[in-house]
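Worksheet: one structure, shown below.
What follows draws every value from the coordinates through simple rules; no lab data is involved. As the structure is a computational prediction, the values presented were derived from the model and not from experiment.
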Amino acid sequence: MKENNVLSFNFRVPGALKDEVEAYFKRFKLGEPILVDIGGTGDIKCDFKGISPVLKNKDADDQYFISATLQEDKYYDPLEEEKCETCSGCGFH
């Protein structure tokens with residue numbers, strides 16, 4: 001989901017992976033610059049904004065939700081060769 005240069009990634013994970021996924025995102029510091037590639041469209045320069053608390057899915061056994069929030073660096077302008085082949089202002093570049 002992308003709105004106002006904020007990217008929110010929502011994950012549904014089994015209990016066996018819950019701690020591993022949470023630990024992965026806790027490695028990042030608030031405001032840390034990172035590059036994100038969504039579906040092979042090329043790197044998007046972002047700043048890490050945080051993760052949500054891990055929530056248990058009420059409708060499924062042993063399933064959890066976690067969200068990571070990033071803010072796109074709107075001043076970042078990737079080189080033409082970094083853009084996806086069919087880019088026509090897809091919003092990620």
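Of note:
- Rounded to whole Hz, the Karplus (6.51, -1.76, 1.60) HN-Hα couplings of the stretch 34-46, x for glycine and proline: 9, 10, 10, 10, 9, x, x, 7, x, 6, 10, 7, 9
- Greater than 22 Å apart at Cα, pairs in 18/49; 26/56; 29/74; 29/56: 29/56
- Under-5 Å amide H pairs with residue 57, H placed in peptide plane, nonlocal only: 63, 64, 65
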